[in-house]
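Participant: Let me begin by handing over the structure; questions about it come next.
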Amino acid sequence: MKKRRVDKNKKIMKKNNFVQGAFIATLGIVITKILGILYVIPFYSIIGEKGGALYGYAYSLYLVFMAISSAGIPLAISKIISEYQTLGYYDAKQRAFKMGKQIAITLGIVCFIILFVFAKQLATAILGDLKGGNTIEDVTYVIRLISTAIIVVPVLSVYRGYFEGHKFITPTAVSQVFEQIMRVLVIVVGSYMALKVFNLSLTTAVGVAVFGATVGSIASYFYLIEKKRKNKNKFEEKEKEIKEPKITNKEIFKKIVIYAFPLIMIDIFKSLYSMVDSVTVVKALGSIYGTKTAESIMSILSTWGAKFNMIIISIATGMVVSLTPNLAAAAVVGNKKDVHKKINQSFQMLSFLIIPMTVGLCFLSKPIYTVFYGPSKYGPSVLSFYVFVALITALFTTGITITQILKYYKVVFISMASGLLLKTLVNVSLINQLNSLGLPAYYGSILASILGYGLSLIICLIALNRKCGVNYEETAKQLVNTLCGTVLMIIALLLVKLVIPLSSQSRFMNLPIIIVYTVVGGAVYLFYMYKTKSVNQVFGDKILNKFKKRKTNK
């Protein structure tokens, strides 16, 4: 019995190469995001658009503080652990892990105190003097409840970075799924019990929902603790025996700060995009549509529509999780050819997956939104354009992370600051300009985000070409194939539309419509990419041969 248990652990803790790691990490994150989408069906029916706006106010602010306390730490620890493991510096590796935990705990406590104590001032900054919707007291309450998660999330992120640095991607992916399951249970069951069973206020129900982030992170933390304990020998295995140079704690601390700070800033800048919308969009749209409608549109941007975007962005997140230790290991030994290969392969894999997904979501925005939330005047319209923010964000996240891993820190800050500045400057003006042209005014803030992230991405790509010598010729060719496949997919969907209507008046009749369109569109796209050998180019013959072998064995 004991031997069987050990064998099982060994199987679970098997190291993953770049493509395998990217697939596993992406799969785990996509599953968590799918769960994050599925729960909004009952959650939306429980709290409605007003509750969604309140949830979004707290969550967008929470993301900023979570970025400060933990965003850069898992990837920084992953990068450092990978470097020291590759070089054989095992004592330094363990000290880096211990120091990372100490830093994370300190940052988490400080950020929690700031968010909890100054919740009312932050709520005032978000709402200003707006009347007719959620109150400052409502927003203050949910901010304080969600702030408790910041105590746990930073140290949890260090453990994930430790696993990923050893190229054990599977446990971190499982921990994310487990965290999301616990969080979703609290959100749905907790908010329902608060509002429908105990007849408490909407604000209390939303407060219980945001507290789900704390419960989920605690559950995930104990899962990884137990996984590490049971597989202690796996982390102590030495790949090479060398005389380890003396590395002081001061040097390790400096390395953690140098690696983590740019990553933290990346997430802060991304979160600030949401904060710009939180502070400006409701006020700008309020003068056009009225406060109630403006809050409804904002809830779509910050909560309901954002759930679909996270599916696309999660693919980039999974890519980055696997890319960080692999690219860091190649860079530390000076393997320039491998560095260039992994950079191009990352963009090719990402484009292959997210471009058809984005276009498909845009095409099916009405039936998809209706299935999840019911009929909505603005929902499908917002979603159809908002998904392109996810596309550009995913590409930006990958580009900026690569730039950071290669230590081009100046480029990282210039690109992010330029994009955010552009977003801030044009956000309100684009809302007003589009409204004057007779177009949906809310498209202005979406377009501002696309332009901001697009500018940042272009700066990164140019820098990687000039400083590192990365050639994008093969990636450009692959992009053309991806776009051609996507165009053929849309043509096929338009032909299907001649036979099957794109949407139905019945909410749940839209589900089979979505399935038919997805199967047809996906089949056409994959068939084209397979016939043009694009699948082989992106994922490699080795992966495809393994898949074919398994299929034959079955």
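Participant: Are any of the residues in the stretch 500-510 charged (D, E, K, R) and under 24 Å from the mean Cα position of the chain (by Cα)?
Facilitator: Within the stretch 500-510, none of the residues are charged (D, E, K, R) and under 24 Å from the mean Cα position of the chain (by Cα).
Participant: For the stretch 258-274, does any single residue satisfy the condition of being in the same structural domain as I103 (by TED's automatic domain parsing), farther than 30 Å from Y55 by Cα and either out of contact with any His (no Cβ under 7 Å at 6 or more places or on another chain) or at pLDDT below 80 (or both)?
Facilitator: Yes: the stretch 258-274 contains one or more residues that are in the same structural domain as I103 (by TED's automatic domain parsing), farther than 30 Å from Y55 by Cα and either out of contact with any His (no Cβ under 7 Å at 6 or more places or on another chain) or at pLDDT below 80 (or both).
Participant: Same structure, new question: Quick check, is I73 under 19 Å from H166 (Cα atoms), of a type in the set (V, I, T) and out of contact with any Leu (no Cβ under 9 Å at 6 or more places or on another chain)?
Facilitator: No: the conditions fail for I73.
Participant: So, S445, is that one in contact with a Lys or Arg (Cβ under 9 Å, 6 or more places away or on another chain), closer than 27 Å to L353 by Cβ, among the polar types (S, T, N, Q) and in the same structural domain as Q537 (by TED's automatic domain parsing) or not?
Facilitator: In short, no.
Participant: Of all residues being of a type in the set (V, I, T) and assigned to a helix (DSSP H, G or I) in the stretch 239-257, which is modelled with the highest pLDDT? Just the residue, please.
Facilitator: Result: I252.
Participant: Could you please let me know if D277 is under 25 Å from Y373 (Cβ atoms), part of a helix (DSSP H, G or I) and not hydroxyl-bearing (S, T, Y)?
Facilitator: It is true that D277 is under 25 Å from Y373 (Cβ atoms), part of a helix (DSSP H, G or I) and not hydroxyl-bearing (S, T, Y).
Participant: Out of the stretch 441-476, which residues are among the polar types (S, T, N, Q), assigned to a helix (DSSP H, G or I) and within 24 Å of A330 (Cα to Cα)?
Facilitator: N465, T475, listed by residue number.
Participant: Right, another one. Regarding the stretch 161-183, can at least one residue be identified that is crowded, with 19+ Cβ neighbours inside 10 Å and basic (K, R)?
Facilitator: yes
Participant: In the stretch 91-107, what residues are surrounded by fewer than 19 Cβ atoms within 10 Å (Cβ to Cβ) and either touching an Asp or Glu at 6+ places or on another chain (Cβ under 7 Å) or among the basic types (K, R) (or both)?
Facilitator: Hits for the stretch 91-107 are D91, R95, K98, K101.
Participant: A follow-up question, please. Restrict the check to the stretch 259-267 and report whether at least one residue is farther than 20 Å from G379 by Cα, surrounded by fewer than 23 Cβ atoms within 10 Å (Cβ to Cβ) and among the aromatic types (F, W, Y).
Facilitator: Within the stretch 259-267, one or more residues are farther than 20 Å from G379 by Cα, surrounded by fewer than 23 Cβ atoms within 10 Å (Cβ to Cβ) and among the aromatic types (F, W, Y).
Participant: In the stretch 119-134, what count of residues is obtained for those that are surrounded by fewer than 15 Cβ atoms within 10 Å (Cβ to Cβ) and not in a helix (DSSP H, G or I)?
Facilitator: Of the residues in the stretch 119-134, 4 are surrounded by fewer than 15 Cβ atoms within 10 Å (Cβ to Cβ) and not in a helix (DSSP H, G or I).
Participant: Still on this model: Could you list, in sequence order, the residues of the stretch 505-554 that are modelled with pLDDT of 85 or more, basic (K, R) and over 20 Å from G485 (Cβ atoms)?
Facilitator: none
Participant: Can I ask one more? Which one of K377, K410 is over 23 Å from L353 (Cα atoms) and at pLDDT 90 or above?
Facilitator: K410
Participant: Are any of the residues in the stretch 145-155 within 30 Å of V332 (Cβ to Cβ), out of contact with any Ser or Thr (no Cβ under 6 Å at 6 or more places or on another chain) and assigned by TED's automatic domain parsing to the domain that holds K50?
Facilitator: Taking every residue of the stretch 145-155 in turn, at least one turns out to be within 30 Å of V332 (Cβ to Cβ), out of contact with any Ser or Thr (no Cβ under 6 Å at 6 or more places or on another chain) and assigned by TED's automatic domain parsing to the domain that holds K50.
Participant: OK, next. Within the stretch 374-396, work out how many residues are surrounded by fewer than 23 Cβ atoms within 10 Å (Cβ to Cβ), part of a helix (DSSP H, G or I) and among the aromatic types (F, W, Y).
Facilitator: Number of matching residues: 2.
Participant: While we're looking at this one, here's another question. Pairs under 6 Å by beta carbon, first residue assigned to a helix (DSSP H, G or I) in the stretch 498-523, partner among the polar types (S, T, N, Q), six or more apart or different chains?
Facilitator: N510/T370; N510/S503; N510/S504
Participant: Looking at I354, I400, I368, which is the one that is modelled with pLDDT under 90 and surrounded by 21 or more Cβ atoms within 10 Å (Cβ to Cβ)?
Facilitator: Just one listed residue meets the conditions, I400.
Participant: Within the set of pairs 6 or more residues apart or between chains, which connect a residue that is on the phi < 0 side of the Ramachandran plot inside the stretch 443-463 to a residue that is in a helix (DSSP H, G or I) and among the acidic types (D, E) with Cβ atoms less than 7 Å apart?
Facilitator: The qualifying pairs are S445/D277.
Participant: Let me ask you something else. Would you list the helices (runs of 4 or more DSSP H) that sit entirely within the stretch 1-90 and hold 3 or more residues that are hydrophobic (A, V, I, L, M, F, W, C), crowded, with 22+ Cβ neighbours inside 10 Å and modelled with pLDDT of 65 or more?
Facilitator: Hits in the stretch 1-90: 40-66, 73-87.
The values are calculated or read from the model by the stated rules, or taken from the named source; none is laboratory data. Computed from a prediction, not measured in an experiment: that's the story for all the values here. Every residue, glycine as well, gets a Cβ built from its backbone with ideal geometry; the counts of neighbours run over all protein chains shown.
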